[in-house]
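Pasting in a structure now, in structure tokens, and then I'll have a few things to ask.
The values are calculated or read from the model by the stated rules, or taken from the named source; none is laboratory data. Nothing here was measured: the structure is a model prediction, and the numbers come from that model. Glycine also receives a Cβ, built like all others from the backbone with ideal geometry; neighbour counts cover every protein chain displayed.
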Amino acid sequence: MFTNTTNKSISHKYFCALVLLCCCELCFADRVVLKEGQIITGKILVEKQTQLYVDIGITVLTIPKDKILEYKYGETTEAKDADANDAGTETGTQPVEKASNRLYKTANLKKTTIEKSVDTVSEAVVKVSSPGGSGSGFFINEDGFLITNYHVVEKETRIEVTVFQKAKNGFETKKFKKVKIEAINPFVDLALLKVEDLGDTKLPSVYLGDISRINTGEEVFAIGNPMGLERTVTNGVISTKNRAFEGLLYIQTNADINPGNSGGPLFNLAGEVIGVTNMGYIFLGGLGFAIPVDYVKHFIENRDAFAYDKDNPNSGYKYLQPDRRRNTARPDFRKKKD
């Protein structure tokens, strides 16, 4: 009797401990929400550019990112980026974010080398062409949304986007001609485009960084198509992160920025976009400027206010001018005599 009672007591304790352990595991589990509505909880082991590897206890699932609506890490887990992990990097304590109500994603990634960062992000950088010229741009998500400069597409409606996909012997180019202008802000020099004929093409996108986490003297690099020279990489440092020019702040860098770089990304060594290149001096090397990423986030989040209208290309909204004075005579400001 004593032995049976003791065994039952011990078994009961083990059972309670197991239940408590399982409950704790579920409380801190990572959460993946699929576009069709299913929810998967487990531990995200590896995050690649096109898929997630999730341990659900009895097996490891491989989930394509184009099937995912959103995913969040538990409080006790750390996000790991597979491509960065291959390069000896991992994310910091900031979780990867891509809320369903916004178009971009963020992550606090660990810094690595320019070579490894370029290998990770280069496919997300594109060439934006129109009858009036060409510039650069970059995908902010897998649905075909991309950022470029307003002046790259100014007064243009026939826009073509060229992507560069890694192949066995270098890169293969693919051109898309069905490109829609979603929003424009001429005052900040930003445009939001969407490639509508991606089809089954799967392309990586970039993470947007945080201007508060960059410092003067920090090493950066730009990828773009200066003077038509595709996929050109230039590097330098941040000369200052708050150069004032015509009422706006810019990131000043000594990385070479030339015509054709416009609209392309300026990266930190973690592969996060910290700015959009838009100005440089051809005959004065070492003077390049980029729109800070915080302006870019604000533009994307408030894109409805800047929605493009072909009948009013300067703004998403048309404001009516007040009526002219009916009396066109010049006012008489002389005092009347008594």
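This table checks each residue for (1) modelled with pLDDT under 85; (2) in contact with a Pro (Cβ under 7 Å, 6 or more places away or on another chain); (3) polar (S, T, N, Q).
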{"residue": "Q49", "(1), (2), (3)": "yes, yes, yes"}
{"residue": "L69", "(1), (2), (3)": "yes, no, no"}
{"residue": "K105", "(1), (2), (3)": "no, no, no"}
{"residue": "K111", "(1), (2), (3)": "no, no, no"}
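Sticking with this structure for a sec: Examine the range 206-213 for a residue that is surrounded by fewer than 18 Cβ atoms within 10 Å (Cβ to Cβ), of a type in the set (D, E, K, R), without any contact (Cβ under 8 Å) to a residue 40 or more places away in the chain and farther than 14 Å from V118 by Cα, and state whether such a residue exists.
For the range 206-213, residues surrounded by fewer than 18 Cβ atoms within 10 Å (Cβ to Cβ), of a type in the set (D, E, K, R), without any contact (Cβ under 8 Å) to a residue 40 or more places away in the chain and farther than 14 Å from V118 by Cα: absent.
OK, next. Applying the selection to the range 150-206, what residues are among the polar types (S, T, N, Q), under 20 Å from the mean Cα position of the chain (by Cα) and under 20 Å from K310 (Cα atoms)?
Listed by number, the list holds a single entry, N185.
Restricting to the range 251-271, give me the number of residues that are among the charged types (D, E, K, R) and surrounded by 24 or more Cβ atoms within 10 Å (Cβ to Cβ).
Counting residues in the range 251-271 that are among the charged types (D, E, K, R) and surrounded by 24 or more Cβ atoms within 10 Å (Cβ to Cβ) gives 0.
Quick one: which of N242, N278 is modelled with pLDDT under 95 and within 15 Å of G137 (Cβ to Cβ)?
Every option except N278 fails the conditions.
Hand me the list of strands (runs of 3 or more DSSP E) wholly inside the range 131-176 holding 2 or more residues that are among the β-branched types (V, I, T).
145-148, 160-167
Can I ask one more? Considering only residues of the range 51-67 that are among the polar types (S, T, N, Q) and surrounded by fewer than 13 Cβ atoms within 10 Å (Cβ to Cβ), which is nearest to Q165 (Cα to Cα)?
For the range 51-67, the residue satisfying everything is T62.
Does N85 meet the test of being modelled with pLDDT under 90 and surrounded by fewer than 16 Cβ atoms within 10 Å (Cβ to Cβ)?
In short, yes.
For residues in the range 130-147 being within 18 Å of K178 (Cβ to Cβ) and touching a Ser or Thr at 6+ places or on another chain (Cβ under 7 Å), which is modelled with the lowest pLDDT?
Per the criteria, the residue is E142.
Of everything in the range 230-280, what is touching a Lys or Arg at 6+ places or on another chain (Cβ under 6 Å) and within 17 Å of H151 (Cβ to Cβ)? Give them in sequence order.
Hit for the range 230-280 is Y250, nothing else.
Yes or no: A191 at pLDDT 95 or above, closer than 21 Å to N268 by Cβ, surrounded by 16 or more Cβ atoms within 10 Å (Cβ to Cβ) and among the hydrophobic types (A, V, I, L, M, F, W, C)?
No; evaluated as a whole, the condition is false for this residue.
Give the range 220-272 a look and list any residue that's outside any strand (DSSP E or B), out of contact with any Asp or Glu (no Cβ under 8 Å at 6 or more places or on another chain) and aliphatic (A, V, I, L, M), or say none.
M227, L229, A255, I257, A270
Looking only at the range 177-196, how many residues end up being in a strand (DSSP E or B) and not small (G, A, S)?
11
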